[in-house]
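Structure, as structure tokens:
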Amino acid sequence: LFPINYVCYAQGNFGPQVVAKAKQKNVARLALKALAYTPWAEGEERAYAKCWYQPIDQLELARQALRFTLSEEVTAAIPPGEDLIYQMALNLAAEHRPMTKEERDGLLATSTELKPIFSAT
């Protein structure tokens with residue numbers, strides 16, 4: 001059970017090594033935090049009570065973020081706990097298709113201004 005998230009991968013170098021090692025050992029990989037975006041700013045009003053981070057709530061970005069996570073050869077992904085984001089994740093998962101390398105690279109490139117919720121650096 002591990003956060004597999006495009007912002008954490010690209011900006012925090014958090015995840016790729018763990019996923020690679022789990023894959024090498026043929027261990028199941030349960031992903032979470034696929035729709036985490038960035039930490040809430042200090043004093044920012046939290047629009048989603050169950051999220052300690054800003055979730056991705058824009059449909060197209062959520063689609064891409066979930067596709068990223070599901071394309072990382074995970075065994076399964078745990079949907080978010082916030083009701084609205086949960087329902088969106090379930091709907092998007094039903095239409096999942098793997099990301100191409102070009103789509104993956106493009107999504108990772110969009111994260112340069114974001115702070116990851118987890119970081120290995």
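The values are calculated or read from the model by the stated rules, or taken from the named source; none is laboratory data. Values in this document were obtained by computation on a predicted structure and should not be read as measured data. Quick reminder, even Gly has a Cβ in these numbers, built from the backbone with ideal geometry, and neighbours come from all protein chains shown. Just so you know, the surface numbers come from the protein's heavy atoms only, side chains and all, with ligands and any DNA or RNA stripped out. Shrake-Rupley method; radii C 1.70, N 1.55, O 1.52, S 1.80 Å.
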Which ³J(HN,Hα) values, rounded to whole Hz and listed in residue order, are derived for segment 58-75 from phi using the Karplus coefficients 6.51, -1.76 and 1.60 in 6.51 cos²θ - 1.76 cosθ + 1.60 with θ = phi - 60°, glycine and proline given as x?
7, 3, 5, 5, 4, 4, 5, 4, 5, 4, 4, 4, 5, 7, 8, 6, 7, 6
Quick one: what Rg and Dmax do you get for segment 1-43 from the alpha carbons, in Å?
12.0, 43
Placing one equal point scatterer on each C-alpha of the chain and summing with Debye, one gets log10 I(q)/I(0) at q = 0.09, 0.11, 0.17 Å⁻¹ equal to -0.22, -0.34, -0.83
How many Å² of accessible area per residue for the chain, probe 1.4 Å?
58
Hits among lysines - C-alpha to C-alpha of K101 under 18 Å, sequence gap 8 or more where chains match
none
P(r) histogram, all alpha-carbon pairs of segment 34-91 included - 5 Å bins from 0, percent:
4, 19, 30, 24, 15, 6, 2, 0
Cβ-Cβ FRET estimate between Q24 and Q58, R0 fixed at 30 Å, reported to 0.05:
0.30
Using the crude model of +1 on Lys and Arg Cβ and -1 on Asp and Glu Cβ, and no other charge, please compute the dipole size for segment 47-104 relative to its Cα centre, in debye to 20.
80
The relative contact order of the chain, taking Cα pairs under 8 Å that sit 6 or more residues apart, comes to a percentage of 38
Suppose only helical runs count, i.e. DSSP H with n ≥ 4. What mean residue ellipticity at 222 nm does that imply for the chain under -39500 (n - 2.57) per run, divided by all residues and rounded to the nearest 500 deg cm²/dmol?
-12000 deg cm²/dmol
Total charge dipole magnitude, the chain, about the Cα centre, Cβ charges on Lys, Arg, Asp, Glu only, Debye to nearest 20
620
How much of the accessible area of the chain, in percent, comes from carbon and sulfur atoms when a 1.4 Å probe is used?
54
Would you kindly derive the ³J(HN,Hα) couplings of segment 92-104 from the backbone phi angles with the Karplus curve 6.51 cos²θ - 1.76 cosθ + 1.60 (θ = phi - 60°), listing them in order in whole Hz, with x for Gly and Pro?
5, 4, 5, 9, 4, 9, x, 7, 7, 4, 5, 5, 4
